1. Name the single residue, out of those in the range 104-149 being in a helix (DSSP H, G or I) and polar (S, T, N, Q), that is surrounded by the most Cβ atoms within 10 Å (Cβ to Cβ).
2. Scanning the range 158-200 for residues that are within 16 Å of ligand 2 (Cβ to nearest atom) and crowded, with 18+ Cβ neighbours inside 10 Å, which turns out farthest from L37 (Cα to Cα)?
3. Could you list all residues from the range 9-60 that are assigned to a strand (DSSP E or B), of a type in the set (V, I, T) and out of contact with any helix residue (DSSP H, G or I) (no Cβ under 7 Å at 6 or more places or on another chain)?
4. Would you point out which residue out of V20, V6, V24, V33 is under 25 Å from L250 (Cα atoms) and more than 16 Å from ligand 1 (Cβ to nearest atom)?
5. Would you point out the residue of the range 8-30, among those that are surrounded by fewer than 16 Cβ atoms within 10 Å (Cβ to Cβ) and hydrophobic (A, V, I, L, M, F, W, C), that is nearest to the chain's Cα centre (by Cα)?
6. Which numbered condition in (1) closer than 27 Å to R88 by Cα; (2) in contact with a Phe, Trp or Tyr (Cβ under 8 Å, 6 or more places away or on another chain) is the only one that L190 fails?
7. Tally up the residues in the range 109-122 that are free of Cβ contacts under 8 Å to residues at least 24 places away in the same chain and in contact with a helix residue (DSSP H, G or I) (Cβ under 8 Å, 6 or more places away or on another chain), please.
8. Scan the range 63-80 residue by residue and report those that are within 20 Å of P169 (Cα to Cα) and either among the hydrophobic types (A, V, I, L, M, F, W, C) or surrounded by 11 or more Cβ atoms within 10 Å (Cβ to Cβ) (or both).
Amino acid sequence: MSEVMVDVRGVHKSFGALKVLRGVDLTVRAGEVTALLGPSGSGKSTLLRVINHLEKVNRGWISIDGELIGYRRSGDRLYELRERDILRQRTHIGFVFQHFHLFPHLTVLDNVVEAPVAALRRPRKEAVATAERLLARVGLADKAGAYPRQLSGGQQQRVAIARALAIEPKVLLFDEPTSALDPELVGEVLDVIKDLARSGTTMIIVTHEIGFAREVADTVVFLDGGVVVEQGPPGAVLDAPRHERTRAFLSKVL
Ligand code: ADP
Ligand code: MG
């Protein structure tokens, strides 16, 4: 088996009195795709956000490629990292949002070039060459000079994927990448993600596209009420769920 890339252990996260994550364990191996399913409000986005340290955990820990996220360990205590160490850790994690979040004032090419130059201090010429290669990979070589507003939602999301890949992340997190798209544009984005899956990109994908999850995921994780209710290969979780809550959820989305 390949090495563990993402390890989430006993993670709790509350907002005030609201307990959103209540002891989540999740292991993702290098090169594997995990589809994260669950009803609205079950904590899926929060789980992605704590992995990226956009939110701090209250209890438990997360590591990526063996490195604790947001903390260092000394003896049996955890100490918070400084902001600049957290920013460095974030450069190893790609995030693709539901609503793309491209920089509206930058061209498509500059959207992809920005992080490698600003955060990784790559020479611009090298970053441009990488960006051109990535834009070709997502089928948008001819849009390098366009601005986000000139693109369809599907094209904007493909730029967002190219941008996330430009930092050569150890893991790529997707939060409902096709939920904001018109139905006819969903396929082109899923095709790009399938291509990444085939080439061994480690990914965690929150999605309601069950057919897509069945096709690309190595592991399907069903989250409900802030805990992992069920996880396993797609054939097991989607076709023969063992838990009533999983069955009830699937009967609504299938
Ligand atoms: P999902 O992505 O599965 O729909 P979320 O992780 O977005 O669920 O949210 C889980 C719960 O946490 C929801 O009840 C939501 O309102 C709440 N929540 C999420 N983020 C915050 C926040 N920053 N402050 C307060 N409550 C939040
Ligand atoms: Mg969400």
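Every number in this text was worked out from the coordinates using simple rules, so none of it is lab data. Please read these numbers as outputs of a predicted model, since none were measured by experiment. Note: ideal-geometry Cβ built from the backbone for every residue, glycine included; neighbour counts use all protein chains shown.
1. N111
2. Within the range 158-200, the match that is farthest from L37 (Cα to Cα) is L181.
3. As a first pass, look at the range 9-60 and keep what is assigned to a strand (DSSP E or B): 9-15, 18-29, 33-37, 59-60.
From what's left, of a type in the set (V, I, T): 11, 20, 24, 27-28, 33-34.
Within the range 9-60, T27, V28, T34 meet the criteria.
4. On the way: V20 fails: more than 16 Å from ligand 1 (Cβ to nearest atom); V6 fails: under 25 Å from L250 (Cα atoms); V24 fails: more than 16 Å from ligand 1 (Cβ to nearest atom).
Criteria check complete, one pass: V33.
5. Looking at the filtered set, the residue picked out is F15.
6. Checking L190 against (1) closer than 27 Å to R88 by Cα; (2) in contact with a Phe, Trp or Tyr (Cβ under 8 Å, 6 or more places away or on another chain), the one that fails is (1).
7. If we filter the range 109-122 for residues that are free of Cβ contacts under 8 Å to residues at least 24 places away in the same chain, which is where we start, we get 110, 117-118, 121-122.
Pick out the ones that are also in contact with a helix residue (DSSP H, G or I) (Cβ under 8 Å, 6 or more places away or on another chain) and you get 117, 122.
The number of residues fulfilling the criteria is 2.
8. S63, I64, D65, E67, L68, I69, G70, Y71
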